[in-house]
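These notes are about the structure you will find just below.
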Amino acid sequence: MKTKGWMMAALLIMMMGCLSACKSKEQKAAEAAQSEYEDMVDACRSKIKKADEPEKLKKVKEKLIDLADYDEMYGRALPEVFCKAKDIQKQYDKKVEKLTEQYTKLADSYIDDNNYFEASQTMTSLYQLGDDDQKLKELLREWAPMMGYIVVNDVRYANCEKDASDIEPEGSTLHSNKMRYLYPKVYYDSMLPEGRPVTEIQLMVKIFNPDGSMKTGTDSPKGYTYGSTIKVAVGEKNNGEWLKGYGNATVSAYPVGTYKVEYYYKGILIYRNEAEIN
């Protein structure tokens, strides 16, 4: 019996020694990770405090996942050092709430100015903070009638003759000495509701010279450079349609520089980008 007792005691001592060794190993790993963890915590807090736009705050979101992993691995060994991810998540959530309020007000002010392009850009950047873009889709559907039932993804340019034959095709470098007509190709997603027939919409275009003045000619509509129509069908995704071109058949009307181009539907700005002439 005494021998058996001594064996049990020895076994318990060995088990305690093993647990002690394991705990020591976990403790050492936690201590080794402490400095990196504390740097991440400080960086996250600083970025959350300074973030004045969603894109900057989005970078913090990725780091919060790393902090939670550290807490899971080392929180039991050094709880006084780790276990800060939840607190930082609360700071992050408060900043998201603040930016949401600011950006929603900013989008509303753009809408008041009939600038749905900047409004949609503003809300798109805000919703990038979330994992679900359903709210953005719902918002764009709500705005669709005001935007001609299209969401413009891109506009690319070509230098063409009056009959639209290429001089410098879409995607190539455009040269001032070769310029005749600047032709835009509009890439868009259709927002037409199911069951709607093909719909023709008129886009009004403003082309601004590098000095800021707007290009106009004798046939230009009041307040615009020119207008052109496209036909929109249900379900189109990133569909490309050419608008009419604008320029001169015999000489270049485009000196070297950057030309801002804006696209309007019924007085509402729905897209803006630039054409570079070399």
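The values are calculated or read from the model by the stated rules, or taken from the named source; none is laboratory data. Since the model is a prediction, treat every value here as computed from it, not as a measurement. Note that each Cβ is placed from the backbone with ideal geometry, even for glycine, and that neighbours are counted across all protein chains shown. All accessible areas refer to the heavy atoms of the entire protein, side chains included, with ligands and DNA or RNA removed. Shrake-Rupley method; radii C 1.70, N 1.55, O 1.52, S 1.80 Å.
Numbers for the structure displayed
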quantity	calculated
Derived scalar couplings ³J(HN,Hα) [segment 254-259; Karplus, 6.51 cos²θ - 1.76 cosθ + 1.60; whole Hz; x for Gly, Pro]	10, x, 4, x, 9, 10
Relative packing of peptides 89-99, 248-258 - highest average C-beta neighbours within 10 Å first	89-99, 248-258
Antiparallel bridges, percent of DSSP beta bridges restricted to the chain (to nearest 5)	95 percent
Farthest toward positive dipole pole in the chain [+1 Lys/Arg, -1 Asp/Glu at C-beta], among LEU106, MET204, TYR70	TYR70
Accessible area in square angstrom per residue, the chain, 1.4 angstrom probe	60 Å²
Cα gyration tensor shape of segment 43-105, rounded if a/c is under 1.5, else prolate or oblate by comparing a/b with b/c	prolate
Cα gyration tensor shape of segment 165-235, rounded if a/c is under 1.5, else prolate or oblate by comparing a/b with b/c	oblate
Selection from THR173, TYR254, SER120 lying farthest towards where the dipole of the chain points positive, charges on Cβ	SER120
Amide H within-cut-off set for LEU174, under 5 Å, with H built and near neighbours excluded	ASN278
Cα gyration tensor, segment 118-214 - rounded (a/c under 1.5), prolate or oblate	prolate
Debye, to nearest 20: dipole size of segment 60-113, +1 on Lys, Arg Cβ, -1 on Asp, Glu Cβ	240 debye
Whole-number percent relative contact order across the chain, with pairs defined as alpha carbons under 8 Å at least 6 apart	15 percent
